[in-house]
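The values are calculated or read from the model by the stated rules, or taken from the named source; none is laboratory data. Keep in mind it's a predicted model, so treat the numbers as computed, not measured. Neighbour counts are summed over all protein chains in view; Cβ atoms, including those assigned to glycine, are modelled from backbone coordinates with ideal geometry.
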Amino acid sequence: MARGSAQIKIMIRKREIFICANRRAGGAGCISQGSIDVLAKLIQRARERGDHVTITKNVCMGYCGEGPNVKIRGGAYFHHVTVDDVEDIFEKEQAFHAQNQDE
């Protein structure tokens, strides 16, 4: 790069949805509340949509009594998630990504 030239740095925000798949002794973990079904649906829809959103199985989000729990990277938490909520979560992730991609 020539001396005095400006450098341009491009930051690409990773698109990611986290889902808790924690198993707790005594019951209230997300896995015992259906998170594996939600995880499977998230993965399926991510492939179908082609949005380049990574689905990451997480250990614990700290809301065990409100599970299954899902979180958009840098964005909202969702509690008591069912497979019926998956499309809404993707729509919210897409809107969040569009709103924050220039930051």
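Scan the stretch 62-73 for residues that are of a type in the set (A, V, I, L, M, F, W, C), at pLDDT below 95 and closer than 19 Å to Ala40 by Cβ and the total you get is 1.
Is one or more of the residues making up the stretch 45-56 touching a Lys or Arg at 6+ places or on another chain (Cβ under 8 Å), polar (S, T, N, Q) and over 21 Å from Arg23 (Cα atoms)? Checked the stretch 45-56: at least one residue is touching a Lys or Arg at 6+ places or on another chain (Cβ under 8 Å), polar (S, T, N, Q) and over 21 Å from Arg23 (Cα atoms). Looking at this structure, is Lys41 part of a strand (DSSP E or B) and either out of contact with any Leu (no Cβ under 6 Å at 6 or more places or on another chain) or under 13 Å from Ala21 (Cβ atoms) (or both)? So Lys41 fails the test. Just one of the listed residues (Ala98, Ala76) is among the small types (Gly, Ala, Ser), at pLDDT below 90, under 14 Å from Arg15 (Cα atoms) and surrounded by fewer than 19 Cβ atoms within 10 Å (Cβ to Cβ), namely Ala98. Looking only at the stretch 56-71, residues that are surrounded by fewer than 18 Cβ atoms within 10 Å (Cβ to Cβ), under 14 Å from the mean Cα position of the chain (by Cα) and not polar (S, T, N, Q) come to 3 in all.
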